[in-house]
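What follows is a single structure, written as structure tokens, with notes after it.
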Amino acid sequence: MVRASLITIFFFGYMTTLIADDREPLYLILGAVPQETKPIVAALADRERGELAGLEYFEGRLGENWVVVSLTGVGKSYTGMVTALFLQEFKPDAAFMTGTGARINPQLRTGDVILPTSVFLHDYGSLGEAGITIAGLQPPSVPNEAPLLENDFGIPSDMHAKALKLIETYEKHSVEVDGESYSVKIGSGRVTSGDFFGVPQNRIDVLRSMDVDIMEMESATFALVCGHFETPFLVVRSGSNLAQATPSKDYLTYGPIAAYSAAKTTTYLVSNW
């Protein structure tokens, strides 16, 4: 992978090494679990395997673009750690989070894809008798003096606009769910993250009142870290099971369908970025 060239020159008897600005773009793709990235890894041309701090990754080409693909693991803590490691090591030109999430919006079908305009943490704040009161985030630098950050992280508008433009020419893939085959819908929306795999109905009602489409466990932390590193980013999420308190059985049924759907969409976007 060509990222930069070192040029050694002699100037008035002194040897100087310069870095030529001829590197080609590199894009990072992260998913939480293997089923979310396997179709992307399988699509890589010139694929090579590597490790970073004991974490497996694959690099290769999607279309004409060089990419690095890896897993964050489930939840906010692992996602923050892995995203920071890979942004620091590879310094990608843009980062993409692909994967699945429970459908808060009942109008979404399994396999439908949301390209969110914003993501936020729904479990950061104070837990009282009436539920969670979401708070602003305290940045790590100068914690006693720095202002709180907004909890809602907007997807960079140019990234989101470019994704929607590319989707206009995408021939939508189909999925089969409960014996019915249909073409998926891909559109804008809102995604929220937290460390809850399942939530009770009263929490689902609150999230619906906040115009949430999909609830998952990684994207908001991914967005927060990308923002800190000033790396452009995009989130691609496909709905799996309807949100519920005990989703394990339904997730095992519908999660693989959603993972495939998000991976297909992400592969198309990054291949043509």
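None of the figures in this text is laboratory data; all of them are computed from the coordinates on show. Source: prediction; values computed, not measured. In this analysis, Cβ positions are derived from the backbone assuming ideal geometry, glycine residues included, and neighbour counts consider all displayed protein chains.
Just how many pairs of Lys in the chain have C-alpha atoms closer than 16 Å, counting pairs that are eight or more places apart or on different chains? Going through the chain pair by pair, I get 5. For the chain, a Gaussian network of Cα nodes joined below 10 Å ranks V225, V236, V177 by mean-square fluctuation, and the top entry is V177. Volume per residue of the convex hull around the Cα atoms, evaluated for the range 139-273, comes out as 135 Å³. Compute the acute angle (0 to 90°) between the alpha-carbon long axis of helix 248-271 and the principal axis of greatest extent of the alpha-carbon atoms of the chain; round to the nearest 10°. Between the helix axis and the principal axis of the chain, the angle is about 40 degrees.
Between the range 259-273 and the range 24-87, the alpha-carbon centres lie 13 Å apart.
Loop-located GluC sites (Glu not before Pro) in the range 187-273 (DSSP state other than H, G, I, E, B) with a sparse environment of at most 13 neighbouring Cβ atoms within 10 Å: E230. From the list [x] 21.7; [y] 17.9; [z] 14.8, can you say which value of mean projected area of the Cα convex hull in nm² was derived from the structure given? Among [x] 21.7; [y] 17.9; [z] 14.8, the one derived from this structure is [y]. Summed over qualifying helices (DSSP H, 4 residues or more, each -39500 (n - 2.57)) and divided by its residue number, the chain shows a 222 nm mean residue ellipticity of -9000 deg cm²/dmol.
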